[in-house]
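Heads up: the structure comes next, in structure tokens.
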């Protein structure tokens with residue numbers, strides 16, 4: 001409640017009050033204030049208020065906003081209303097639906113009030129516009145979808161800078177340009193702007209009727225002629241993979257066309273070199289598919305951008321890539337292998353505290369249950385053959401052949417399995433530690449051939465890094481652990497733990513669309529089927545977020 005005696009005004013009661021006869025401006029204002037207070041008190045008491053058939057979303061915020069404004073109407077400036085409506089329409093550019101912000105109702109009700117002025121209707125419209133503003137601001141900054149509802153491991157908490165709650169709404173209303181203020185709440189990094197631009201381009205492709213279908217047929221290769229080649233040329237020219245002047249009807253599969261095809265394949269994470277069935281399938285997907293993928297990744301961008309850490313390590317699981325960013329600039333990138341479909345690498349933020357050269361490897365519980373214990377039950381010698389040592393709870397080594405493995409399950413096994421450093425060690429020459437509940441870390445691997453595969457879902461959940469010693473060099477640059485010192489320690493075969501001067505943030509994320517530093521739009525396969533849940537939530541009515549279950553680490 002607002003600390004004043006509740007006064008319940010019916011709509012008919014206010015109309016009668018306003019129509020009693022001539023009143024001065026102060027008295028009329030008082031009646032409007034009392035009506036607004038009564039409306040908002042009913043919102044508090046009934047835990048809901050419907051205007052023109054729609055439930056107001058900002059149930060807790062609206063009473064605070066209007067109390068701070070002394071229950072006066074907030075939308076008395078027509079230009080400000082225009083700015084709000086423009087901002088709502090522009091949410092479409094971000095892959096969001098303007099109808100989530102009452103666009104149709106606001107336009108219709110405003111038109112009706114301009115034709116037939118009505119004090120009560122104007123106050124209800126005022127409430128509806130403030131509700132729309134609160135939701136627009138929230139979605140512009142945080143995104144529409146709650147990532148914690150989709151992923152139990154999500155722990156990234158985006159900050160709101162500046163005033164909060166009612167003061168934040170009133171500050172927006174006081175801004176010289178409401179539209180510009182709302183735009184300022186959206187992520188400003190170039191990646192977000194480029195994804196927005198890409199979304200606009202693909203919507204243009206869709207509005208133009210798409211790019212047609214390349215007919216099915218045998219794979220095409222350089223030097224061949226095929227009546228389907230003109231359709232291929234047109235398709236690649238539509239998305240600017242092929243220069244427009246080469247969309248000329250020529251049926252020859254020539255070198256420029258091959259170059260364009262390889263560009264398309266690189267942008268879509270496809271094997272390159274010939275027009276095979278998989279590439280043909282990707283080329284024939286309609287623009288709507290790529291529009292949805294861009295919308296999903298714009299939403300993911302709103303969840304985290306801008307990243308407040310100037311220096312960090314980031315793994316894009318869907319791209320099978322790792323990046324080292326220093327002072328906001330990418331300095332290094334490399335290929336990674338990530339978890340298989342049934343041992344997916346989780347998404348979270350943590351901090352790398354140290355790395356270990358020539359590490360031992362202790363089999364994690366998940367791999368113990370899925371792989372090593374079943375193997376040991378069939379053949380106890382399997383563990384010794386793969387360089388694994390068995391230790392009891394007192395740290396004493398036990399011969400694996402002396403254990404009755406069939407007596408145990410992973411949850412009650414009184415032994416730990418450890419692999420000594422060496423060429424066969426599952427962690428290779430180095431592991432990067434950011435202690436977390438999921439037993440996930442970055443590490444080297446003896447399985448170097450896995451980096452050459454286009455789809456690199458090969459691990460038990462951890463991230464295998466190609467050329468990890470270069471990453472180690474970057475993390476301790478300027479200290480005593482030079483590259484020569486690191487290489488010498490690895491060659492010695494002795495284990496060494498190297499602590500970072502300052503813990504370094506590491507982000508494990510999942511993006512299936514991105515724009516490279518040189519401006520190339522790339523799409524990645526949705527290997528974990530994570531896009532559809534985000535898209536479904538984007539296409540549904542907005543849901544209020546629950547309070548975060550955890551804080552940022």
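Got a sec? Which of 391, 354, 441 is surrounded by 19 or more Cβ atoms within 10 Å (Cβ to Cβ), out of contact with any helix residue (DSSP H, G or I) (no Cβ under 8 Å at 6 or more places or on another chain) and on the phi < 0 side of the Ramachandran plot?
441
Collect the residues in segment 399-434 that are free of Cβ contacts under 8 Å to residues at least 40 places away in the same chain and part of a loop (DSSP other than H, G, I, E, B), keeping them in residue-number order.
399, 403, 404, 408, 414, 423, 424
Based on what the data block shows, is residue 464 at pLDDT below 95, in contact with a strand residue (DSSP E or B) (Cβ under 7 Å, 6 or more places away or on another chain) and in a strand (DSSP E or B)?
no
Quick one: residue 491 ticks every box in (1) surrounded by 13 or more Cβ atoms within 10 Å (Cβ to Cβ); (2) within 18 Å of residue 357 (Cβ to Cβ) except a single one, so which number is it?
With (1) surrounded by 13 or more Cβ atoms within 10 Å (Cβ to Cβ); (2) within 18 Å of residue 357 (Cβ to Cβ) applied to residue 491, the lone miss is (1).
Could you say which residue among 92, 108 is under 30 Å from residue 297 (Cβ atoms), at pLDDT 80 or above and surrounded by fewer than 19 Cβ atoms within 10 Å (Cβ to Cβ)? First the steps, then the outcome.
On the way: 108 fails: under 30 Å from residue 297 (Cβ atoms).
The match here is 92.
Looking at the structure I just gave you, is residue 486 in contact with a strand residue (DSSP E or B) (Cβ under 6 Å, 6 or more places away or on another chain) and either touching a residue at least 40 places away in the same chain (Cβ under 8 Å) or not assigned by TED's automatic domain parsing to the domain that holds residue 523 (or both)? Outline the logic, then answer.
On the way: in contact with a strand residue (DSSP E or B) (Cβ under 6 Å, 6 or more places away or on another chain): no; either touching a residue at least 40 places away in the same chain (Cβ under 8 Å) or not assigned by TED's automatic domain parsing to the domain that holds residue 523 (or both): yes.
Taking the combined requirement at face value, the residue does not satisfy it.
Quick one: would you say residue 452 is without any contact (Cβ under 8 Å) to a residue 40 or more places away in the chain and under 20 Å from residue 491 (Cβ atoms)?
For residue 452, the condition - without any contact (Cβ under 8 Å) to a residue 40 or more places away in the chain and under 20 Å from residue 491 (Cβ atoms) - is not met.
Among (1) over 18 Å from residue 296 (Cα atoms); (2) assigned to a strand (DSSP E or B); (3) in contact (Cβ under 8 Å) with a residue 40 or more places away in the chain, which single condition is residue 502 missing?
Of the numbered conditions (1) over 18 Å from residue 296 (Cα atoms); (2) assigned to a strand (DSSP E or B); (3) in contact (Cβ under 8 Å) with a residue 40 or more places away in the chain, the odd one out for residue 502 is (3).
Would you please name the residue that is surrounded by the fewest Cβ atoms within 10 Å (Cβ to Cβ), looking only at residues in segment 197-216 that are out of contact with any strand residue (DSSP E or B) (no Cβ under 9 Å at 6 or more places or on another chain) and not in a helix (DSSP H, G or I)?
The residue in question is 209.
For segment 394-415, which positions are within 28 Å of residue 444 (Cα to Cα), touching a strand residue (DSSP E or B) at 6+ places or on another chain (Cβ under 9 Å) and surrounded by 15 or more Cβ atoms within 10 Å (Cβ to Cβ)?
Hits for segment 394-415 are 400, 415.
If you take the residues of segment 359-391 that are touching a strand residue (DSSP E or B) at 6+ places or on another chain (Cβ under 7 Å) and in a loop (DSSP other than H, G, I, E, B), which of them is modelled with the lowest pLDDT?
Across segment 359-391, the extreme among qualifying residues is 387.
Mind checking which residues of segment 170-188 are surrounded by fewer than 14 Cβ atoms within 10 Å (Cβ to Cβ) and either within 21 Å of the chain's Cα centre (by Cα) or closer than 22 Å to residue 158 by Cα (or both)?
Result: 171, 180, 184, 188.
The values are calculated or read from the model by the stated rules, or taken from the named source; none is laboratory data. All values reported here derive from a predicted model rather than from experimental measurement. Glycine gets a Cβ as well: all are built from the backbone with ideal geometry, and neighbour counts include every protein chain shown.
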